[in-house]
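Input: a single structure, listed below in structure tokens.
The values are calculated or read from the model by the stated rules, or taken from the named source; none is laboratory data. Quantities reported herein were computed from a predicted structural model and do not represent experimental measurements. Ideal geometry is used to build each Cβ from the backbone, glycine not excepted, and the neighbour counts take in all protein chains shown. We work out accessible area using only protein heavy atoms, side chains counted, and drop any ligands, DNA or RNA first. Shrake-Rupley method; radii C 1.70, N 1.55, O 1.52, S 1.80 Å.
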Amino acid sequence: MNETLRNVFLFAFVAGLIVLSGVMQSWNTAMVIVNMGLVSAVMSLGLNLQWGFAGLFNVGVMGFTALGGLATVLVAMPPVTEAWAAGGWRIMLGLLFGAAVIAAAAVVRYRMRPSRRRAAAMVTILVVGFFVYRWIFDAGVQAVEAVDPAKTGYLGGLGLPVVLAWPVGGLLAAGAAWIIGKAALGLRSDYLAIATLGIAEIIIAVLKNEDWLSRGVKNVTGIPRPVPYEIDLQSDPGFVAKAEAMGFDPVTASSLFVKVIYAGFFAAVVAALLVLAQLALKSPWGRMLRAIRDNEVAAEAMGKDVTRRHLQVFILGSAVCGMAGAMMTTLDSALIPTTYQPLRYTFLIWVMVIVGGSGNNLGAVLGGFLVWFLWVQVEPMGQWFMATITAPMAEDNALRVHLLESAAHMRLLTMGVVLLVVLRFSPRGLIPEK
């Protein structure tokens, strides 16, 4: 089969599955899959930049996604003026002082020759600076978190349009990636994986415990949206009349309308990123990255700065993942740090890239939609299947009870089976790299 026709068939097949879910279940369910499929496609494109282009084994996707989610709070939520008055400026002063202490220690390290005096100076700066920093910072945190903790207890954000949080999420993730890359990109691939996973867990721990920043495990809800609220549409006589004329009840129509607008926003982002990724792949920069991926020693022998190029693509891929995290939090209208689990935000994205085709941007997008569809639909399909085959059994039959309870684990089983089948029969993915 012609390569183009094969790709069209694969995308049409996934689209058919989504349409079938709309017909068999509901169109709201189908649109949920579409929207999260688009977000997953963005994450897959980000990881594909790192792994498919440069061979960087990043298992810290969860951390960069969480930073994107944090960006929506910092950008879109209104500022809590009482918290700022109580201790917000003291927190900012503490953070600036902490940064100054680190900078002072770095200056001493680079300006002084290696000696006991240099070591003593650095230890003194860091130890004394740490205690002063805690004295400034902790008092501000306590004051902020005491301000109506049931509703706020944090500083809030800038009160800007939430769409601005998407590029800001990318910038936050890119900044974190620069710090991580400077420290970890010289490591061997397996050590890089351990380092990125550990740093991702640190980011999640900060989000869970620093209530002044994002309310911690108390969550931030009611994040402003770039689309109308369903209740407002349902109270609009013009919208209700149009919905009834099309045969929809206002509740269903309003929910579908909002999801379609989200899909338009997300599709525009995916299209833009896909075009940019394709241009990068076919550029001299993209060809150089693939040459480095295939043979670092030969690339270095040709005068290429391997570490610098790795840092570039690591930052770019992480920024894309951060943007996807901001988009997802915008869709949910809530930041819930406890939901950032490696299973969903790292392992699942890796499955998408591998199944779709590592090194192929179209494959990353296809994998995002296909794997997310399976992730959503396999559990209800498994429950239906188990209920069907155990229908003749008595309700208290031990085997029947066990099979029905096991249906909840069909997701993990299916992901493993899909991964194994693709690796066995199409090791380079459904749409292989050219």
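Please list the three semi-axes, largest first and in whole Å, of the ellipsoid equivalent to segment 20-146, using sqrt of 5 times the eigenvalues of its alpha carbon gyration tensor.
Working: eigenvalues 389, 140, 17 Å².
Taking √(5λ) for each eigenvalue gives 44, 26, 9 Å, largest first.
For segment 172-290, treating each Cα as an identical point scatterer without solvent, what Debye log10 I(q)/I(0) comes out at q = 0.16, 0.17, 0.20, 0.23 1/Å?
Ignoring solvent entirely, the Cα scatterers give -1.01, -1.03, -1.12, -1.19.
Rounded to the nearest Å, what's the spacing between the alpha carbon centres of segment 222-292 and segment 385-434? Just the number, please.
Comparing the Cα centres of segment 222-292 and segment 385-434, I get a distance of 31 Å.
I want to verify a result. In a Gaussian network model of the chain, Cα cutoff 10 Å, which of these has the top mean-square fluctuation: 397, 28, 361?
Residue with maximal mean-square fluctuation among 397, 28, 361: 397.
Taking the highest mean first, how do the peptides 200-208, 380-388 order by number of other beta carbon atoms within 10 angstrom per residue? Walk me through the numbers before you get to the answer.
Numbers: 200-208: 18.1, 380-388: 14.3.
Output ranking for 200-208, 380-388: 200-208, 380-388.
Ignoring ligands, DNA and RNA, how do 141, 421 rank by accessible area with a 1.4 Å probe, largest first?
Correct descending sequence by accessible area is 421, 141.
For a Förster distance of 60 Å, can you work out the FRET efficiency between the beta-carbons of residue 115 and residue 23, rounded to the nearest 0.05?
FRET efficiency, residue 115 to residue 23: 0.20.
Given the protein chains as shown and a 1.4 Å probe, how many square angstrom of residue 232 are accessible, to the nearest 10?
Ignoring ligands and nucleic acids, residue 232 comes out at about 90 Å².
Count charges around residue 259 for me, please; just the other residues with Cβ under 12 Å from its Cβ, Lys/Arg as +1, Asp/Glu as -1. Intermediate values should be presented prior to the final figure.
Details: positive: 225; negative: 230.
Result for the local shell: 0.
For segment 80-155, evaluate the Debye formula with one uniform point scatterer on each Cα (no solvent term) and list log10 I(q)/I(0) at q = 0.19, 0.25, 0.28 Å⁻¹, rounded to two decimals.
Rounded to two decimals, the profile gives -0.73, -0.99, -1.11.
Output ³J(HN,Hα) for segment 168-178: one whole-Hz value per residue in order, computed from phi by the Karplus curve 6.51 cos²θ - 1.76 cosθ + 1.60 with θ = phi - 60°, and x for Gly and Pro.
Going residue by residue, I get 5, x, x, 5, 4, 5, 5, x, 5, 5, 4 Hz, with x marking Gly and Pro.
Per the Kirkwood treatment, what hydrodynamic radius in Å, one decimal, follows for segment 239-298 from the mean inverse distance over all distinct Cα pairs?
Details: mean 1/r = 0.0665 Å⁻¹.
Computed over Cα pairs of segment 239-298, the Kirkwood hydrodynamic radius comes out at 15.0 Å.
Please give the per residue accessible area of segment 80-155, computed with a probe of 1.4 Å over protein heavy atoms only, in Å².
Values: 5090 Å² over 76 residues.
Per-residue value: 67 Å².
Hey, any idea what the orientation-averaged projected area of the convex hull of the chain's Cα atoms comes to, in nm²? Walk me through the numbers before you get to the answer.
Values: hull surface 113.7 nm².
For the Cα atoms of the chain, the hull's average projected area reads 28.4 nm².
So which residue, out of 128, 32, 270, gets the largest mean-square fluctuation from a GNM of the chain using Cα contacts under 10 Å as springs?
Most flexible of the set in this elastic network: 128.
For 239, 257, 137, what's the largest-to-smallest order of accessible area, 1.4 Å probe? Walk me through the intermediate numbers first.
On the way: 239 35, 257 90, 137 10 Å².
Most to least solvent-accessible, the answer reads 257, 239, 137.
Just to check, using Stokes-Einstein with a Kirkwood Rh over alpha carbon pairs, what's the diffusion coefficient of segment 71-202 at 4 °C and 1.567 mPa s in µm²/s?
Roughly 74 µm²/s, to the nearest whole number.
Per the Kirkwood treatment, what hydrodynamic radius in Å, one decimal, follows for segment 335-383 from the mean inverse distance over all distinct Cα pairs? Working shown, then result.
On the way: mean 1/r = 0.0864 Å⁻¹.
About 11.6 Å, per the Kirkwood formula over Cα pairs.
Quote the Stokes-Einstein diffusion coefficient, in whole µm² s⁻¹, for segment 14-66, based on the Kirkwood radius over alpha carbon pairs, a temperature of 25 °C and a viscosity of 0.890 mPa s.
In µm²/s, the coefficient rounds to 193.
Can you give me the long-range amide H partners of residue 334? Hydrogens built in the peptide plane at 1.01 Å from N, cutoff under 5 Å, separation of 5 or more residues or another chain.
Sorted by chain and number, the residues that satisfy this are 223.
With just the Cα atoms defining each centre, how far is segment 128-199 from segment 1-66? Give it in Å.
29 Å
What length, rounded to one decimal in nm, is gained on full extension from residue 191 through to residue 236, with 0.36 nm per residue of separation minus their alpha-carbon distance?
Working: separation 45, 0.36 × 45 = 16.20 nm, distance 5.69 nm.
So the chain would gain 10.5 nm between residue 191 and residue 236.
Let me check against my output: what whole-number percent is the relative contact order of the chain, with C-alpha pairs under 8 Å and at least 6 apart?
30 percent
Mind listing the phi-derived Karplus ³J(HN,Hα) values for segment 300-309, rounded to whole Hz, using 6.51, -1.76 and 1.60 with θ = phi - 60°, and x for any glycine or proline?
5, 5, 8, x, 7, 7, 4, 4, 5, 5
How large, in percent, is the carbon and sulfur part of the accessible surface of the chain at a probe radius of 1.4 Å?
Carbon-and-sulfur percentage of accessible area, whole number: 69.
How high is the FRET efficiency from residue 404 to residue 426, r the C-beta distance, R0 35 Å, rounded to 0.05?
For R0 = 35 Å, the calculated efficiency reads 0.55.
Taking only Cα atoms and a 10 Å spring cutoff, compute GNM fluctuations for the chain and point out the largest among 234, 50, 341.
234
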